[in-house]
Amino acid sequence: MFDNALREIKDAVLVPVADRAGARLSPTVVSVVGLGFGLLSAGAALVGAYAAALLLWGVNRFLDGLDGTIARRHDKQSAMGGYLDTLLDHVVYTAIPVALALSDGGRGALLACIWLLATFYVNGASWMMLSAILERHTTGEATLTTVKMPNGIIEGGETVAFYTAFLLFPAHIVPLFATMGALVVVTIIGRLIWAFRHL
């Protein structure tokens, strides 16, 4: 929902780094290193080291933004890079809630995690299929991401905010998981309504 508005802030932070170091860095390597930090974040959350998990999550998010910025600034964009970036993001997006739910160990946390991941599953079909359809109808249109991304209430910026809250307030993951899942459902419904009107 706020991704376009946050783009200017994101670029102000990442473009100088990409310009200085990006010519020597492969966006794919940055993506894979980012995955490592994301999995370390999940591991830290699993053992209750939430401050470390939060720091590692921050590094993961920084690298996730940096890989695409390097690709754009140094003409290293590729379909494979965009595909890998999205795939690795989803590994981390799955690992952290699972780690938090297992760390909590309560039935409520596990059920809330199942709810959240179930909404992610349906949302994946929602935005990825719609992106593929929109790609067919907007060939040649410039985009800042590998594929055209349909708008929604829960996008990248909101996901970062929620995951940061998960790690800051692990004692409250049940309502946080439940709330994010509900907003993902609203996003799915909004895209479905859009599809009925425009496709």
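Express the Stokes-Einstein translational diffusion coefficient of the chain in µm² s⁻¹, to the nearest whole number, given a Kirkwood radius over alpha-carbon pairs, 25 °C and a viscosity of 0.890 mPa s. Don't skip to the end; give the middle numbers.
Details: Rh = 17.6 Å.
Rounded, D is 139 µm²/s.
Fewest to most neighbouring Cβ within 10 Å: what's the order for F162, F62? Present the calculation step by step, with values, prior to reporting the outcome.
On the way: F162 19, F62 15.
So the ranking, lowest neighbour count to highest, is F62, F162.
For each of S78, S31, count neighbouring Cβ atoms within 10 Å of the residue's Cβ, then give the residues from fewest to most. Kindly include the intermediate steps, with their values, before the conclusion.
Numbers: S78 12, S31 24.
So the residues, fewest neighbours to most, are S78, S31.
Please rank M80, M180, fewest neighbouring Cβ atoms within 10 Å first, as an exposure proxy. Please report the intermediate quantities before stating the final value.
Values: M80 9, M180 25.
So the ranking, lowest neighbour count to highest, is M80, M180.
When the helices in the chain are scored as -39500 (n - 2.57) per DSSP H run of 4 or longer and the sum is shared across all residues, what 222 nm value do you end up with, to the nearest 500 deg cm²/dmol? Display every interim value, and only then the final one.
Values: 7 runs with 159 residues, N = 199.
Counting only the DSSP helices, I get -28000 deg cm²/dmol.
Filter the DSSP H helices in the chain by two things, a Kyte-Doolittle mean of at least -1.0 and an axial alpha-carbon span of 24 angstrom or more, and list the hits by number.
Numbers: long enough: 3-21 (25 Å, -0.01); 27-46 (28 Å, 1.74); 50-73 (34 Å, 0.40); 79-104 (38 Å, 0.93); 107-137 (45 Å, 0.93); 173-198 (37 Å, 1.62).
Helices meeting the criterion: 3-21, 27-46, 50-73, 79-104, 107-137, 173-198.
Since every read-out is calculated from the coordinates, none of them should be taken as a lab result. The structure displayed is predicted, hence computed values, not measured ones. Backbone-built Cβ (ideal geometry, glycine too); neighbour counts: all protein chains shown.
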